[in-house]
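**Q** Here it is, the structure in full.
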Amino acid sequence: MAASTLLLHANPSTPTSLPSLHFQKSPFLPNKSPFLRFNPNRTLNTVYNPRMSVHRPYSFSVQRALSEAMSMILWEPPTWQSALLNNFLIFIVGSPILLSGLSLSGIGAAFLLGTLTWRAFGPSGFLLVAAYFVIGTAATKVKMAQKEAQGVAEKMKGRRGPGSVIGSSAAGCVCAFLSTYGVGGNAFSQLWLLGFVASFCTKLSDTVSSEIGKAYGKTTYLVTSFKVVPRGTEGAVSLEGTLAGLLASILLASISCLMGQVDIAEAFICVVASQMANVGESIIGAVLQEKEGFRWLNNDAVNVINISMGSILAVLMQQIILKRWLIL
């Protein structure tokens with residue numbers, strides 16, 4: 001020991017520490033082998049874990065599929081894929097309610113309507129149509145036995161077919177298409193949404209006023225001459241039915257306002273437009289429907305005219321009256 005110390009002092013160029021040892025990497029070990037990255041603070045886990053050693057591709061694929069499905073459901077803005085998936089799931093869950101108010105072919109038409117509505121206006125648009133359907137179906141079922149006895153009830157115990165679905169949603173579908181494809185740009189997007197809301201306010205008001213009027217109307221008048229006529233006469237109105245239809249329109253417009261689709265002024269416009277359109281529909285029914293030369297003008301065709309008037313009137317009132325009022 002003493003001799004080695006003397007040698008170190010005698011030769012100052014001798015290093016004071018031993019050189020580091022470098023081992024050549026074996027070609028048989030992988031690039032990321034844990035043996036080449038030793039960590040002294042790491043403790044070895046000697047407990048056997050079967051989850052780490054068994055590869056389960058099936059569970060991984062199911063988990064990935066569920067994750068992608070959830071992402072599609074919550075996708076914003078809505079796409080055709082997310083609209084189809086959401087609509088399908090809701091229709092499966094709500095099938096008992098749908099079957100109570102629609103025929104099988106009517107459900108098919110409603111599915112197309114729901115998909116288009118979700119794609120154009122998202123969940124809030126779909127909820128508005130759902131609220132319309134629930135309220136309208138409930139009004140149709142009121143005193144069904146009495147209506148059937150009087151011969152004024154809807155066919156199939158109030159279950160609507162595809163013609164009724166299309167006739168009740170034609171104007172809303174047009175607005176949804178215009179919104180989906182961005183016709184008019186951002187400047188017109190709110191107008192298409194307003195027309196959509198106004199069309200369903202108009203149709204719900206028409207449905208409720210007709211069904212409640214047939215169930216509770218004491219006196220029914222022909223709108224053109226105020227002549228007393230039997231319940232269920234085309235173009236006839238009653239005080240009870242008119243008030244019920246007005247309340248229904250206010251309710252649906254309020255739901256739309258609470259969901260942020262329209263503001264208070266636009267909700268008021270939807271209500272006014274719906275009542276004006278319903279008066280026009282009653283006049284058409286009294287003057288033209290079931291008359292010679294107008295046999296083609298059935299209830300579904302009149303419904304299309306009715307909701308189109310409500311939608312157009314709401315858009316015009318928003319552009320002419322509301323904008324001028326805001327300028328002043």
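**Q** Using the Karplus equation 6.51 cos²θ - 1.76 cosθ + 1.60 (θ = phi - 60°), what ³J(HN,Hα) coupling, rounded to whole Hz, does each residue of segment 175-191 give in order, writing x for Gly and Pro?
**A** Calculated HN-Hα couplings, in order: 4, 5, 4, 4, 6, 4, 9, x, 5, x, x, 5, 5, 9, 4, 6, 5 Hz.
**Q** Ignoring ligands, DNA and RNA, what percent of the 1.4 Å accessible area of segment 278-322 is carbon and sulfur?
**A** 69 percent
**Q** Same structure, new question: What is the distance, in nm, between label points placed 7 Å from the Cα along the Cα-to-Cβ direction at M156 and at M276?
**A** The two pseudo-label positions are separated by 3.5 nm.
**Q** Starting from the Cα-Cα distance between V134 and A187, subtract it from 0.36 nm times their residue separation and give me the gain in nm to one decimal.
**A** Full extension of this stretch gives 15.8 nm more.
**Q** For E281, E211, give the ranking by accessible area with the largest first, probe 1.4 Å.
**A** Order by accessible area, largest first: E281, E211.
**Q** Note down the accessible area of M259, probe 1.4 Å, to the nearest 10 Å².
**A** 60 Å²
**Q** If you don't mind, there's one more thing I want to ask. Per residue, what accessible area does segment 147-210 have, given a 1.4 Å probe and all protein chains present, in Å²?
**A** 41 Å²
**Q** Per residue of segment 304-321, what does 6.51 cos²θ - 1.76 cosθ + 1.60 with θ = phi - 60° give for ³J(HN,Hα)? Whole Hz please, x for Gly and Pro, Karplus curve as stated.
**A** Whole-Hz 3J(HN,Hα) from phi for segment 304-321: 4, 5, 4, 5, 5, 4, x, 5, 5, 4, 5, 5, 5, 5, 5, 6, 8, 7.
**Q** Assuming R0 = 25 Å, what is the FRET efficiency of L99 and V142, from their Cβ-Cβ distance, to the nearest 0.05? Walk me through the numbers before you get to the answer.
**A** Working: r = 19 Å, r/R0 = 0.75.
The calculated FRET efficiency here is 0.85.
**Q** Using amide H atoms built in the peptide plane, which far-off residues or other-chain residues are under 5 Å from L102 H to H?
**A** Here R160 satisfy the definition.
**Q** For an R0 of 51 angstrom, estimate the FRET efficiency from the Cβ-Cβ distance between V287 and L112 and round to the nearest 0.05.
**A** 0.95
**Q** I'd like the per residue volume of the convex hull spanned by the Cα atoms of segment 72-158, given in cubic angstrom.
**A** Given the Cα convex hull of segment 72-158, per-residue volume reads 83 Å³.
**Q** In 5 Å bins starting at 0, how do the alpha-carbon pair distances of segment 151-282 split up by percent?
**A** So the P(r) values, bin by bin, are 2, 11, 17, 19, 19, 14, 9, 5, 3, 1.
**Q** Can you work out ³J(HN,Hα) from phi for every residue in segment 257-274, in order, using Karplus 6.51 cos²θ - 1.76 cosθ + 1.60 and θ = phi - 60°, giving whole Hz and x for Gly and Pro?
**A** With the stated coefficients, segment 257-274 comes to 5, 5, 7, x, 6, 10, 8, 5, 4, 5, 5, 4, 4, 4, 5, 5, 4, 5 Hz.
The values are calculated or read from the model by the stated rules, or taken from the named source; none is laboratory data. As the structure is a computational prediction, the values presented were derived from the model and not from experiment. Here Cβ is always computed from backbone atoms with ideal geometry, including for glycine, and neighbour counts include all displayed protein chains. Each accessible area value is taken on the protein alone, full model and side chains, heavy atoms only, with ligands, DNA and RNA left out. Shrake-Rupley method; radii C 1.70, N 1.55, O 1.52, S 1.80 Å.
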